[in-house]
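Structure first, then comments.
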Amino acid sequence: MGGPNASAGENVPIKSEMTAVVLDGDGTGRIVSMPVPPLEKGWILIAPVASGLCGTDLHIATGDFPFGKLPVIPGHEFAGFVSAVGEGVENFAAAGLGRSKPKYLLW
């Protein structure tokens, strides 16, 4: 998959597994391997190169966030390379640059 040394236009293969941090709300996290979510209509799949943590992520990690369900995977602020484009998506191409634009928390 792309990485810190990848560049736009580079072929970014789609993996079947991804690594994620899962927060349980008790101040700890665990690293897990899990399937990459299936590409749905209107979606793009981004291979992350960098991810940030926001204040909400930190509150979830310590159990101070009263909304949502646990466990949860934090990191809704990220950038990387587009690995795949779902049906009906325009203005994105595989191997192009992509980033998240968080506006809503989806649980």
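Just to be sure I understand the filter: pairs with C-beta atoms under 9 Å, separated by 6 or more residues or on different chains, first member in the range 58-77 and touching a residue at least 40 places away in the same chain (Cβ under 8 Å) and farther than 23 Å from ILE46 by Cβ, second member acidic (Asp, Glu) and assigned to a loop (DSSP other than H, G, I, E, B). Which pairs pass?
Once the first residue is touching a residue at least 40 places away in the same chain (Cβ under 8 Å) and farther than 23 Å from ILE46 by Cβ and sits in the range 58-77, its partners that are acidic (Asp, Glu) and assigned to a loop (DSSP other than H, G, I, E, B) give LEU70/ASP24; LEU70/ASP26.
Provide a single number: the residues in the range 22-53 that are free of Cβ contacts under 8 Å to residues at least 24 places away in the same chain, under 15 Å from the mean Cα position of the chain (by Cα) and over 25 Å from ALA95 (Cα atoms).
The total comes to 2.
Only one of (1) of a type in the set (Asp, Glu); (2) touching a strand residue (DSSP E or B) at 6+ places or on another chain (Cβ under 9 Å); (3) assigned to a loop (DSSP other than H, G, I, E, B) fails for GLU87. Which number is that?
Unmet condition: (2).
Within the range 41-98, which residues are of a type in the set (Val, Ile, Thr) and more than 25 Å from GLY25 (Cα to Cα)?
Just the residues of the range 41-98 that are of a type in the set (Val, Ile, Thr), to begin with: 44, 46, 49, 56, 60, 62, 72-73, 82, 85, 89.
Within the range 41-98, ILE44, ILE46, VAL49, VAL82, VAL85, VAL89 meet the criteria.
Which of the residues spanning the range 32-51 are of a type in the set (Gly, Ala, Ser) and exposed (fewer than 13 other Cβ atoms within 10 Å of the Cβ)?
Of everything in the range 32-51, those that are of a type in the set (Gly, Ala, Ser) and exposed (fewer than 13 other Cβ atoms within 10 Å of the Cβ) turn out to be SER33, GLY42, ALA50.
Please work out which residue is nearest to MET34 (Cα to Cα), limiting yourself to the range 44-81 and to residues that are assigned to a loop (DSSP other than H, G, I, E, B) and modelled with pLDDT of 85 or more.
By that ranking, first place goes to ILE73.
Being touching a strand residue (DSSP E or B) at 6+ places or on another chain (Cβ under 7 Å) and either part of a loop (DSSP other than H, G, I, E, B) or surrounded by fewer than 14 Cβ atoms within 10 Å (Cβ to Cβ) (or both) is the filter here; which residues of the range 21-31 pass it?
Scanning the range 21-31 gives ARG30, ILE31.
The values are calculated or read from the model by the stated rules, or taken from the named source; none is laboratory data. Here the structure is a predicted model, which means the values were calculated and not measured. Because the Cβ atoms are built from the backbone with ideal geometry, glycine has one as well, and the counts that use them run over all protein chains shown.
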